Amino acid sequence: MIKVNNVSMKFNLGIEKNFSLKQFFINLFKSKKNKPKKEEFWALKDVSFEVKKGEVIGFIGSNGAGKSTMLKVIAGVMKPTKGSVEVYGNICPMIELGAGFDPDLTARENIYLNGAVLGYSKEFLESKFEEIVEFSELREFLDVPVRNFSSGMTARLAFSIATVVDPEILIVDEILSVGDIAFQQKSEEKMKSLIGGGTTVLFVSHSLEQIKKICNKVIWLEHGHIKKIGPSKEMCKEYYEEQVK
């Protein structure tokens, strides 16, 4: 269902700094010898793996290991520097909280806006509106601008919109760790129901307990490389033991 073929992703560190007016004038007075060179950072290096239909794959690794970058490449948010990704099926990405939201619009308006970004029609959203509101538990805040929402409230709204249908491929990056405990449990149950329906899931979390509960396989990334792939409980145990050495 997903084939990742020798994917590498390069970033130029500090490129935005060089575009600032202040940095422009500083660079004018620096000699060529003292000017900082643009540093290249490879977030992913020759990563290859396959995901079969219905598999629930967890991604673990330290900060900067390349987990979120990998999900963004698979979702099509980023184009890899090298390699290719083949995806068979419609993707529902839940990568950045509030992506596709306009902070100046109300929650009600953002349901239609974000739903349109995810490819849902207005007629479909109208038919599912009550279901979205009910799941999010934000009925009394429907006419409040999203800019006034906490991160947990934004997570509720984003998750409720994204999971109103059963996507073929669901990509989730840390979203289940935001919000109160009751909503985290509710989101986990929704994820389990999607998994039971055959949805393929790619899941990033720093919570090894969530990974063990939800995922059947784990891809362990470190410094942009795949370190190991294996059963979730086994991989989480090895990863934990390495972290506490």
Exercise. Determine whether the range 116-132 contains at least one residue that is in contact (Cβ under 8 Å) with a residue 24 or more places away in the chain and of a type in the set (S, T, N, Q).
Key: no
Quiz item: Could we say that Glu130 is under 29 Å from Val87 (Cα atoms) and part of a helix (DSSP H, G or I) here?
Solution: no
Quiz prompt | Answer residue from the range 11-62, given it is modelled with pLDDT of 60 or more and among the aromatic types (Phe, Trp, Tyr) and is nearest to Pro167 (Cα to Cα) among those | solution = Phe59
Quiz item: Does Gly115 fit the bill of being in contact with a Lys or Arg (Cβ under 9 Å, 6 or more places away or on another chain) and at pLDDT below 90?
Solution: yes
Quiz item: Can you name the residue in the range 126-151 that is basic (Lys, Arg) and more than 26 Å from Gly198 (Cβ to Cβ) and is also surrounded by the most Cβ atoms within 10 Å (Cβ to Cβ) among such residues?
Solution: Arg147
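Just the residues that are among the hydroxyl-bearing types (Ser, Thr, Tyr) and surrounded by 14 or more Cβ atoms within 10 Å (Cβ to Cβ), please, taken from the range 36-55.
Answer for the range 36-55, where residues must be among the hydroxyl-bearing types (Ser, Thr, Tyr) and surrounded by 14 or more Cβ atoms within 10 Å (Cβ to Cβ): there is none.
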Practice problem: Considering only the range 56-114, state which residues are among the polar types (S, T, N, Q), more than 30 Å from Asp143 (Cβ to Cβ) and surrounded by 17 or more Cβ atoms within 10 Å (Cβ to Cβ). | Solution: Ser68, Thr69
Self-check item: Hits in the range 93-112 (condition: within 11 Å of Ala158 (Cα to Cα) and touching a Leu at 6+ places or on another chain (Cβ under 8 Å))
Solution: Pro93, Met94, Ile95, Gly100, Phe101, Ala107, Asn110, Ile111
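Can you confirm whether Glu40 is in contact with a Lys or Arg (Cβ under 7 Å, 6 or more places away or on another chain), under 24 Å from Glu189 (Cβ atoms) and not basic (Lys, Arg)?
No.
The values are calculated or read from the model by the stated rules, or taken from the named source; none is laboratory data. Predicted, not measured: the structure shown is a model, and the values here were computed from it. Virtual Cβ from ideal backbone geometry, glycine too; neighbours counted across all protein chains shown.
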